[in-house]
1. For all pairs of alpha-carbon atoms in the stretch 303-387, what percent lies in each bin of width 5 Å, listed from the first bin to the last filled one?
2. Looking at the stretch 237-392 from every direction and averaging, what is the projected area of its Cα convex hull in nm²?
3. Residue-wise, which Karplus ³J(HN,Hα) couplings in Hz belong to the stretch 367-381, taking 6.51 cos²θ - 1.76 cosθ + 1.60, θ = phi - 60°, and x for glycine or proline?
4. Return the Cα extents of the stretch 252-309 along principal axes one, two and three, sorted largest first, each rounded to a whole Å.
5. Which Rg and Dmax, in Å, describe the Cα atoms of the stretch 329-379?
6. Rounded to whole Å, give me the distance from the Cα center of the stretch 156-190 to that of the stretch 442-487.
7. Per residue, how much accessible surface does the stretch 213-309 expose to a 1.4 Å probe? Answer in Å², no decimals.
8. Of the listed peptides 454-460, 408-414, 366-372, what is their order by residue-averaged count of other C-beta atoms within 10 Å, with the highest listed first?
Amino acid sequence: MSSSGSVNHLSQRCIYGYFVSSHAERKSWFMRWLSKLFKGGSNNRRQAATTHPPPHFIGDENMVLRAPVRSLDNRSRTDKEKEELDRAISLSLAEGLKKPNGYGWRAKNDDDLAKSVQDDLHSSHPPYVHREYQPTGYRICGGCNLDIGYGNYLGCMGTFFHPECFCCRACRYPITEHEFSLSGKDAYHKSCFKELTHPKCEVCFQFIPTNGAGLIEYRCHPFWSQKYCPVHEHDNTARCCSCERLESVNVRYISLGDGRSLCLECMESAIMDTGDCQPLYHTIRDYYEGMNMRLDQQIPMLLVERQALNEAIVGEKHGFHHMPETRGLCLSEEQTVTSIQKRPKIGGHAMIGMKTQHQKLTRKCEVTAILVLYGLPRLLTGAILAHELMHGWLRLKGYRNLNPDVEEGICQMLSYMWLESEIMPGSTSSAPSSSSSVSKKGGKSRVENKLGEFFMHQIAHDASPAYGGGFRAANAAVNTYGLRSTLDHIRLTRSFPL
């Protein structure tokens, strides 16, 4: 069972801009600056210009700089002229700060030239600084918090950076690409952001591809949260017959030889032959006895292969089997069954050396035998045995002609209660009468306990009307009235109490 999901994967993007003035653009900018510098002159300046020599050419045929205007007697300019000149300089500098964000290189030659002109014009007076212009600290690097000064810089998210200080939040290396990803105020290389946010398949370990709509579509197991590409549901990727997890490329599952595969975690506690299963079978019979549900008849129990179980189902006249993979059966007819007498060994990634035996089952009571599929973990094998034993108990106690949802529901209830007592031995079961039934084994590994939780999850969330719906109805009745009262009501009415 898996659920599907999709992610509309949209990362914020910011594009670098390179704002590098050409030689002609720098000159054009400087000419506009000079134009503002001298447009503020008074009529006296125009009159003085007629008495002065023509403009001097400085360095380049396309750049003209008029020599500083000085009075004939070299006296200082009027305060009004100085104020206008200083204001023109400060306004020009302030406009330079309004350039667009992005990579920018300050034209050092222009600045030096402007500085020399300013020095010449203010040879005897300190420069006037307009309140909008701050000569130091006007660009603080958002990375190192130091003044950027006149070097290269870039602007992003309303902040300026030294190029080497604009770093990826993930790898801490500078971002030099034209495009990058943003998450909040944090910048990332596009590749680093994909590693952090784009889900990877837990089977092939590749990025899960997008579908035709541009969405990231994947499958996710509802209990294990294993995410994988949808294609792995149809490409013969092995799935554990116990926990349902898919085989990944770096782990090989064990083939049981009958079309089933078992993961290594489930293999740790797997029960492989009839002899190995006998102690577990007696433990579950003791559990029933602890709830005052003693089974007086000795019902044979056999571990069988998949084919033998399917053949037994065909020969059984009664029984309800909705699942595509039946793992247990309570026989009421006489049959000859092939059981496993010697556990197979692991050879490479398969089971070898299995020894089987044909057994003729004769009917001595309402129940002929209980069959369970081999190769399943201890807790799953026990849950199946608890379920099938409840079928046997109902038949032996005279519960006849029950609807599938009632019979399968109460059997699932006993299976769930036994699992609960195994993985949570310190707690009481749902039924008040089962409080004395606590697992005598104890000391299970974390892996086995997690498997037990999964098997309980399977029972509780089964979607079938008989097994799933029946269990939920049985659980509600047992929680309300107790197990014994629920069973008495079923005997009388063949239904659950409401």
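The values are calculated or read from the model by the stated rules, or taken from the named source; none is laboratory data. What you see is a predicted model, and the numbers here were worked out from it, not measured in a lab. Cβ placement follows ideal geometry from the backbone for every residue including glycine, while neighbour counts extend to all protein chains displayed. What goes into the accessible areas is simple: the full protein's heavy atoms, side chains included, and nothing from ligands, DNA or RNA. Shrake-Rupley method; radii C 1.70, N 1.55, O 1.52, S 1.80 Å.
1. 3, 14, 23, 24, 20, 11, 4, 2, 0
2. 9.4
3. After applying 6.51 cos²θ - 1.76 cosθ + 1.60, I find 10, 8, 6, 10, 10, 9, 5, 7, x, 9, x, 4, 5, 5, 4 Hz.
4. Between the extreme Cα coordinates on each principal axis of the stretch 252-309 lie 45, 25, 16 Å.
5. Every Cα atom of the stretch 329-379 included, Rg and Dmax give 13.8, 44 Å.
6. Here the two parts' Cα centres lie 52 Å apart.
7. Counting only protein heavy atoms, the per-residue value for the stretch 213-309 is 44 Å².
8. Result, highest mean first: 408-414, 366-372, 454-460.
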